[in-house]
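Throughout, read-outs are computed from the coordinates displayed, never taken from laboratory work. Nothing here was measured: the structure is a model prediction, and the numbers come from that model. Using ideal geometry, Cβ is built from the backbone for each residue, glycine included, and neighbour counts are taken over all protein chains shown.
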Amino acid sequence: MPETVRDRINNYLEDAIAAERNFEDALHSFGKTGVQEPVRALLAAAGDKARTQHQRLTALLEQRGGSPSAAKSALAHMLAFSTLTAQAGHEPGEKNTQHLIVTFGAAGAEQAMYQALAEAGAEAGDTAVVSLARQLQSEEADDARQVWPLLRTSARNSFREAVGAGHSPSDVLRSYLEDIIAAEKSFETQLTAFSKEGDYAPAQTAFAQHAKETRAQHERLTSRLEAIGGTTSTAKGILAQVFGAAPKLAQAGHDASERTTQNLMIAYAVENAEMAMYEVFCAVAADAADHETGHIGAEIQQQEKETAEKVWKLVGPAARRSIQQVTLRKAS
């Protein structure tokens, strides 16, 4: 049978449930890792909240005649963090800082996910979907607000921990730079791929433009790393793994308009994670007394903020367009 608007909305709900389940698992894992108790407590509580979120989504889906799927969407794939291997060699405090960065990015992903769900529900005239999506979106925004103030404190605590363990301040800063460069390179690859797929020109143009900007960013960071005596590493830390998420297989069965919406969600997630990443980096650069490196980080952070705002404006229209295309196919 041809797909209906109701089917597509149910697919959105299934994807959101899978994403929240994965995020719940990740957050509860984060809540048991590292040495910074305020961070652990906050992330564990956020994991409890994620459980209630996927339960509420499941209840709505079942009211609509659907049931959760075992398949994982692109966003669920991205939120299924495999952190332990990527964090090998990091101090316990650094792991807490990384978890905050990832959580801030994931909260952005889910705000975008619920923006898409709300706009799709509005296009379909489904007030129950819109109401729950806006409620959950507000909860994700609250998570992000709670995480943000902890970033610099966590970074400074982990910096002191690393220095106390015998690492020089410059070595710690170079390590952060290596991780950031690897992350930016992974994201450039991802953006370039996004720019070549889908059928929504505004999104494709935005992806291509930011891929160029991202290349300039990691080239600038590489030059700075070399200037302070470092070299780029082939190892990929947790941030590079998250930013290099490969959603192709997870997007099987989704049409071009759905994939575009998912790609925008992922891009918004990464922009938020990068804003958090540079917030941490600037704090470490300040403690390492490297003001030039910190200045570069602050400038790039502003670029990421501006790009996040551009991506956000495309999420809703892309989701509405996805619903409109189902309606057009049914009418033809």
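What is the order of Ser29, Ser131, Ser322, fewest Cβ neighbours within 10 Å to most?
Exposure proxy ranking, most exposed first: Ser131, Ser29, Ser322.
Given charges of +1 on the Cβ of Lys and Arg and -1 on the Cβ of Asp and Glu, with all other atoms neutral, how large is the dipole of the chain about its Cα centre, in debye to the nearest 20?
About 600 debye.
For the chain, take the longest principal axis of its alpha carbons; what is the angle in degrees between that and the long axis of helix 201-227, to the nearest 10 within 0 to 90?
That works out to roughly 10 degrees.
Could you compute the net charge surrounding His99? Neighbours are other residues with a C-beta less than 11 Å from the C-beta of His99; K and R count +1, D and E count -1.
The answer is +2.
Of Pro38, Gly121, Ser154, whose Cα points farthest to the positive end of the dipole of the chain (charges on the beta-carbon: +1 Lys, Arg; -1 Asp, Glu; origin at the Cα centre)?
Gly121
Determine, for Thr103, Thr261, Thr192, the number of other Cβ atoms within 10 Å of each Cβ, and report the residues in order from fewest to most.
Placing the least packed residue first, the sequence is Thr192, Thr103, Thr261.
Output the 0 to 90 degree angle, nearest 10, between the alpha-carbon long axis of helix 127-164 and the longest principal axis computed from the alpha carbons of the chain.
10
Using r as the Cβ-Cβ distance of Thr153 and Arg51, and R0 as 25 Å, what FRET efficiency do you calculate, to the nearest 0.05?
0.40
Once the other residues with Cβ under 14 Å from the Cβ of Ala116 are scored (Lys, Arg +1; Asp, Glu -1), what is the net sum?
-2
Could you work out how much longer the chain between Ile228 and His28 gets when fully extended? Use 0.36 nm per residue separation minus the Cα distance between them, nm to one decimal.
Result for the pair: 68.2 nm of gain on full extension.
Any chance you could run the full-extension gain for Asp199 through Gln146? It's 0.36 nm times the residue separation minus the Cα-Cα distance, nm to one decimal.
15.4 nm
Taking the Cα of Asp255, stepping 7 Å toward and past its beta carbon, and measuring to each backbone N in the stretch 193-230: which are under 14 Å?
198-200
Between the helical axis of 5-30 and the dominant principal axis of the chain, each derived from Cα atoms, what acute angle in degrees is found, rounded to the nearest 10?
30
What is the sum of charges, Lys and Arg at +1 and Asp and Glu at -1, for the other residues whose Cβ falls under 11 Å from the Cβ of Asp287?
Neighbour charge sum, excluding Asp287 itself: +2.
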